[in-house]
Amino acid sequence: MSNMNGHEHNGNGNGEMTLFLKIWRQKCCSEKGKMCEYTVKGISPDISFLEMLDILNQDLIKRGEEPVVFDHDCREGICGACSLVINGIPHGPEVLTTTCQLHMRKFKDGDTIVIEPFRAKAFPVIRDLMVDRVALDEIITSGGYISANTGAAPEANSIPVRQENAELSMDAAACVGCGACVAACNNASAMLFVGAKVSHLGLLPQGEIEGRERVYNMVKKMDELGFGNCTNEAECEAVCPKGIKLSNIARLNRQFALSSFLKKDDGGLKQEWN
Amino acid sequence: MECCGLKFNYFTSSIGKKQIMTVSAFLLISFSIVHMIGNILMYVGPKYFNLYAYTLTANPLLPLAELVLASFFVVHILLAIILVVENYLARPQKYYMKVNTGKGASFASATMPWTGAIMLVFLIFHLLHFRFGTIYTTSYDGKEMRDLYRLMIEFFAQPAYLVWYVATMIAFAFHLGHGIQSIFQTVGINYSKYTPCINKLCLLLSLVLSVMFSAYPIWSYVKGLQ
Ligand code: SF4
Ligand code: FES
């Protein structure tokens, strides 16, 4: 079977593909970048997207050209190092999937694939498709931790946690800090990431103690770093590979207002986190 | 605003600005609802409509109420401009290709600044035409008052104005379609149990407001033909 572009495709899912790539190439942060076109041949639908880029890079090296720089680490969808905006969507067309877990079977022989870095003022390009996401680490440093000494593994049930809070906290803890939410947001806002962190920590008793300061400090840092303002469009939620919900942003909004207007020792007024 | 011994201004923070904008939006929508209900009197008859307007304007507190209302508009518009500029600057290098997933951003959400700008132009002309427009007078039971009803019928007898009003009300529907739902999210109300229902009610409200506000000019036009 051959498709419109005349490339052979045997139709059983094992056919090797030829793909046309448009990739952002940029030497460094201060230099202007541009889209460059490449063709890769013999791509199996069973390999991952990053393996396809590895093949391209092998070709480039053989031809004596500079390979395309991109971020990756675990390649099993758990570390959040991989990035890339693929055909206009951070982490590509597959929902709840990081770029490293995206497979070439999602594409057809003869497809043109546009690959760009995550773009935001707070994410300057280091080279080609690799951006500096240290801004997210800076937000974490400003409050994404607990300082309560929790000691060794405690006796189970010694600190009761509402089942609902445990679930919500665990869901928020799934955030891998990839920054796709920032990349997808039309305002380059980091609210989903920050919302996930304050929920994950603040919903549990150990993290609740500094809950207010945490919200305050993390939002302050987020603003300083030049992320945009959320306009509730929910593109972040749609691309998040870990399914972090928009309700985490609502919690952040709520807690930020409470943190701003209530004093710390407010006569035992309990913070209602969920 | 100081919190936990930390100095950080709520009013200049990203969330703070959005929440203030949200409060102003809430107050403006409340005003729109009252305005919409008041206008129903035009269906009852010129006398009731004019008397209603007269009662409002005769109130000595009117200038104060107008000032407060104007301040809601000013706050909402200024914050909108600041946020739009900040958001534009947050991504200096734009994407070569960026598509919305279809599960997040909508036409309404993506065009908020534009529909907002249309509403602003509308607002200016609306005030010029009616608040500061031609003064016809009429009298009921010996009381002289402004004949707003006549002004309205004459105004909407011109098809261009009719089309402009209905077109801006479509923009209004889109602005509110995203805006009203956004109020809840921005103040932190998002619970899987209630939010789907809240969102539907918000859409319904924006539809009711824009349909009602479009109906008045259409009705005036038809009345003017008779
Ligand atoms: S919220 Fe989702 S998209 Fe954003 S950093 Fe965390 S995992 Fe990535
Ligand atoms: S490389 Fe670790 S999540 Fe993709």
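The values are calculated or read from the model by the stated rules, or taken from the named source; none is laboratory data. Computed from a predicted model, the values in this text were never measured in an experiment. Note: ideal-geometry Cβ built from the backbone for every residue, glycine included; neighbour counts use all protein chains shown. Areas reflect the complete protein model, heavy atoms only, side chains present, ligands, DNA and RNA absent. Shrake-Rupley method; radii C 1.70, N 1.55, O 1.52, S 1.80 Å.
Which loop-located GluC sites (Glu not before Pro) does the stretch A:19-108 contain, where loop means any DSSP state but H, G, I, E or B and the Cβ has at most 15 other Cβ atoms within 10 Å?
Numbers: sites: A:31, A:37, A:51, A:65, A:76, A:94; in loops: A:31, A:65, A:76, A:94.
Here the GluC sites (Glu not before Pro) that fit, given the DSSP loop and packing criteria, are A:31, A:65, A:76.
Please state, rounded to one decimal and in Å, the Kirkwood hydrodynamic radius that the stretch B:108-226 gives when every pair of distinct Cα atoms enters the mean of 1/r. Intermediate values should be presented prior to the final figure.
Numbers: mean 1/r = 0.0613 Å⁻¹.
Radius from the Kirkwood sum: 16.3 Å.
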P(r), alpha carbons of chain A - 10 Å bins starting at zero, rounded %: 7, 26, 29, 19, 12, 6, 1, 0
With springs only between Cα atoms under 10 Å, which of B:77, B:183, B:124 fluctuates most in a Gaussian network model of chain B? B:124
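Leaving out ligands, DNA and RNA, what percent of the accessible area of the stretch B:26-65 is carbon and sulfur, probe 1.4 Å? Working shown, then result.
Numbers: 1920 of 2410 Å².
With neighbouring chains kept in place, the figure for the stretch B:26-65 is 80 percent.
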Calculate one ³J(HN,Hα) per residue across the stretch A:29-34 by plugging θ = phi - 60° into the Karplus curve 6.51 cos²θ - 1.76 cosθ + 1.60, and present them in order as whole Hz with x for glycine and proline. 4, 7, 9, 6, x, 7
Could you tell me what percent of the DSSP beta bridges with both partners in chain A are antiparallel, to the nearest 5? 80
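Please pull out the direction-averaged projected area of the stretch A:109-253, using the convex hull of its alpha-carbon atoms, in nm² to one decimal place. Don't skip to the answer; put the middle values down first.
On the way: hull surface 43.8 nm².
The number I arrive at for the stretch A:109-253 is 10.9 nm².
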With no solvent term and unit scatterers on the alpha-carbon positions of the stretch B:1-126, Debye gives log₁₀ I(q)/I(0) at q = 0.13, 0.14, 0.15 Å⁻¹ of -0.78, -0.86, -0.94
extent check for the stretch A:17-127: Cα max minus min per principal axis, descending, whole Å, gives 37, 35, 23
With a 1.4 Å probe and every protein chain left in place, tell me how much accessible area residue A:108 has, in Å² to the nearest 10. 130
Go through B:149, B:161 and list them by solvent-accessible area, largest first, probe radius 1.4 Å. B:161, B:149
What does the accessible area of residue B:94 come to, in Å² to the nearest 10, when a probe of 1.4 Å is used? 80
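Rounded to the nearest 100 Å², what is the buried accessible area between B and A, both sides summed, probe 1.4 Å? Please list the in-between numbers first.
Numbers: alone 14740 and 14170 Å², together 24740 Å².
The summed interface area works out to 4200 Å².
Provide a whole-number value for the mean count of partner chain Cβ atoms within 10 Å of the Cβ atoms in peptide B:100-111.
That average works out to 5.
What are the DSSP H helices in chain B that stretch 30 Å or more along their long axis, judged by alpha-carbon atoms, and whose average Kyte-Doolittle hydropathy comes to at least 0.5? Each step should come with its number before you reach the end.
Values: long enough: B:14-39 (37 Å, 1.04); B:62-89 (40 Å, 2.09); B:159-187 (41 Å, 1.02); B:195-225 (45 Å, 1.21).
In chain B, the long hydrophobic H runs are B:14-39, B:62-89, B:159-187, B:195-225.
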Using amide H atoms built 1.01 Å from N in the peptide plane, name the residues 5+ places from residue A:114, or on other chains, whose amide H lies under 5 Å from its own. A:22, A:87
Residues meeting the amide H criterion for residue A:36 (H placed from the backbone, H to H distance under 5 Å, 5 or more places apart or on another chain) are A:23, A:24, A:25
Please give the solvent-accessible surface of residue B:47 in Å², to the nearest 10, using a probe radius of 1.4 Å with every protein chain present. 80
Take every DSSP beta bridge with both residues inside the stretch A:17-127 and express the antiparallel ones as a percent of the total, to the nearest 5. 80
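When the gyration tensor of the stretch A:197-262 is built from Cα positions, what are the square roots of 5 times its three eigenvalues, in whole Å, from largest to smallest? Mind showing how you got there, number by number?
On the way: eigenvalues 83, 48, 23 Å².
Whole-Å semi-axes of the equivalent ellipsoid: 20, 15, 11.
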Run the simple label-point estimate for residue B:211 and residue B:223 please: 7 Å along Cα→C-beta, distance reported in nm. 2.1
What do the square roots of 5 times the Cα gyration tensor eigenvalues come to for the protein assembly as shown, in whole Å, largest first, as semi-axes of the equivalent ellipsoid? 50, 32, 19
Name the cysteines of chain A that stand alone by the Cβ rule: no other cysteine Cβ under 4.7 angstrom. A:28, A:29, A:36, A:175, A:178, A:185, A:230, A:240
Chain A: relative contact order as a whole-number percent, Cα under 8 Å and 6+ apart: 17
In nm, give the distance between the simple-model label positions of residue A:63 and residue B:150, each being 7 Å from the Cα along the Cα-to-Cβ direction. 8.1
